[in-house]
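S.K.: The structure that follows is given in the form of structure tokens.
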Amino acid sequence: MSNIMVMARKEFVDLLSNPVVLVVIIAYLVYSIFVIYDYSIVFFGGRPGVTVLFQDNPGVACANSIFYSITWIGTLIGIIIGCSTISSERFSNAINTLIVKPLYRDTVINGKLLGSIAFLTFTMVLIIATFTAGFLILCGNAFSAYLLDYLARLPFVLIFALIYVLVFLLLSMLISLLVRDQAFAMILSILTVYLSLIVYFYTISAYIDNILPGSGLGGLLVKLSPRGILEHAQPLIMNTGVDAYDAFLDCLPDFLQLLLYMIICLVLSYIVFVKRDIL
């Protein structure tokens, strides 16, 4: 267990000192500030005819803004973490050193997975803290009055978004293990996000149903797409008609479906790392 924690700590530090990861996170923080500022302008009627979703409850509306941001941009962070976890070791030949030391391969992969998940969680918490501070400063009393509603939704927003992003993090890790060219692995990982997105769009599913009428394949693909699952769950978890816990229970089937995807990617990554020659 101590070896796993050592590996996890090493992975966390490596990601924290990775220039590419740091640049993306800094850019994400800057982007978040612009999103918060733009949100405040729309919220206070600065753009006539435009409103924020769930504006009748500013706490839920702010939670929804965070939910959208950390799932949409968070997938990029997840992909970079997943690819960097393997590529950085390959480029430095650290994997060669690790697997010839008295460490089991499962200890190495367990440590890497734990460190990656911890770093992703840290990044999401940092973004949420930035959004919260921004909402308090720019939206003032209008937000503070609904602060309890906001805080009640936040844990469910975090855990749902974390599982969603972990699907792509683990998928990118799996691709990096299977594809030796890490630049190509990164491109393939980004394509998985794009594929999930375009499958969700109604026009794509309708086009498939036109090719295969009566098959229901288009609708099935939407339901299987991670983005489709997310879009179905978002209005449920933000339902202002019920409390935060009941809202999460309403979208629990979507959560469990994403969790299943995550477990599948996790198991496949684990098997490939332990059984396959990855040098």
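S.K.: Given the options L166, L148, name the one that is more than 19 Å from I33 (Cα to Cα), of a type outside the set (S, T, Y) and at pLDDT 90 or above.
M.R.: When all the criteria are applied, what remains is L166.
S.K.: Give the number of residues within the stretch 1-43 that are of a type in the set (D, E) and farther than 23 Å from C83 by Cβ. Steps first, answer last, please.
M.R.: Going through the stretch 1-43, the residues of a type in the set (D, E) turn out to be 11, 14, 38.
Add one more test, that the residue is farther than 23 Å from C83 by Cβ, and what stays is 38.
Adding up the residues that qualify gives 1.
S.K.: Next question. Cβ-Cβ under 6 Å, sequence separation 6+ or interchain: first residue in the stretch 110-127 and open to solvent by 50 Å² or more (accessible area, probe 1.4 Å), partner of a type in the set (G, A, S) and in a helix (DSSP H, G or I). Which pairs?
M.R.: Once the first residue is open to solvent by 50 Å² or more (accessible area, probe 1.4 Å) and sits in the stretch 110-127, its partners that are of a type in the set (G, A, S) and in a helix (DSSP H, G or I) give L114/A8.
S.K.: Quick check: anything in the stretch 187-195 among the small types (G, A, S), open to solvent by 20 Å² or more (accessible area, probe 1.4 Å) and in contact (Cβ under 8 Å) with a residue 24 or more places away in the chain?
M.R.: So in the stretch 187-195, the residues among the small types (G, A, S) come out as 189.
Then drop every residue that is not open to solvent by 20 Å² or more (accessible area, probe 1.4 Å), which leaves none.
The answer is no, given that none of the residues of the stretch 187-195 is among the small types (G, A, S), open to solvent by 20 Å² or more (accessible area, probe 1.4 Å) and in contact (Cβ under 8 Å) with a residue 24 or more places away in the chain.
S.K.: Give the residues of the stretch 151-187 that are farther than 19 Å from D254 by Cα and touching a Ser or Thr at 6+ places or on another chain (Cβ under 8 Å), sorted by residue number. Explain how you work it out, then say what you get.
M.R.: Taking the stretch 151-187 and keeping what is farther than 19 Å from D254 by Cα, we get 151-152, 172-187.
Result: S172, M173, L174, I175, S176, L177, Q182, A185, M186.
S.K.: I would also like to ask the following. Scan the stretch 235-279 for residues that are farther than 23 Å from S172 by Cβ and open to solvent by less than 30 Å² (accessible area, probe 1.4 Å) and report the count.
M.R.: Residues in the stretch 235-279 being farther than 23 Å from S172 by Cβ and open to solvent by less than 30 Å² (accessible area, probe 1.4 Å): 6 in total.
S.K.: Of everything in the stretch 14-30 that's more than 18 Å from A129 (Cβ to Cβ) and without any contact (Cβ under 8 Å) to a residue 40 or more places away in the chain, which residue is least open to solvent (accessible area, probe 1.4 Å)?
M.R.: Looking at residues that are more than 18 Å from A129 (Cβ to Cβ) and without any contact (Cβ under 8 Å) to a residue 40 or more places away in the chain, I get S17.
S.K.: Any idea how many residues of the stretch 25-71 are under 12 Å from A142 (Cβ atoms), of a type outside the set (D, E) and not in a helix (DSSP H, G or I)?
M.R.: Result for the stretch 25-71: 5.
S.K.: If you scan the stretch 140-150, which residues turn out to be open to solvent by 40 Å² or more (accessible area, probe 1.4 Å) and without any contact (Cβ under 8 Å) to a residue 40 or more places away in the chain?
M.R.: N141, S144
S.K.: So which of L76, L53 is at pLDDT 85 or above, open to solvent by 70 Å² or more (accessible area, probe 1.4 Å) and out of contact with any strand residue (DSSP E or B) (no Cβ under 7 Å at 6 or more places or on another chain)?
M.R.: From the options L76, L53, the qualifying one is L76.
S.K.: Okay, next question. With I208, I204, I190 as the choices, which residue is closer than 24 Å to I66 by Cα, modelled with pLDDT under 90, in a helix (DSSP H, G or I) and in contact with a helix residue (DSSP H, G or I) (Cβ under 7 Å, 6 or more places away or on another chain)?
M.R.: From the options I208, I204, I190, the qualifying one is I190.
The values are calculated or read from the model by the stated rules, or taken from the named source; none is laboratory data. Keep in mind that this is a model prediction, so the values were computed, not measured. Every residue, glycine as well, gets a Cβ built from its backbone with ideal geometry; the counts of neighbours run over all protein chains shown. Heavy atoms of the whole protein, side chains included, go into the accessibility calculation; ligands, DNA and RNA do not. Shrake-Rupley method; radii C 1.70, N 1.55, O 1.52, S 1.80 Å.
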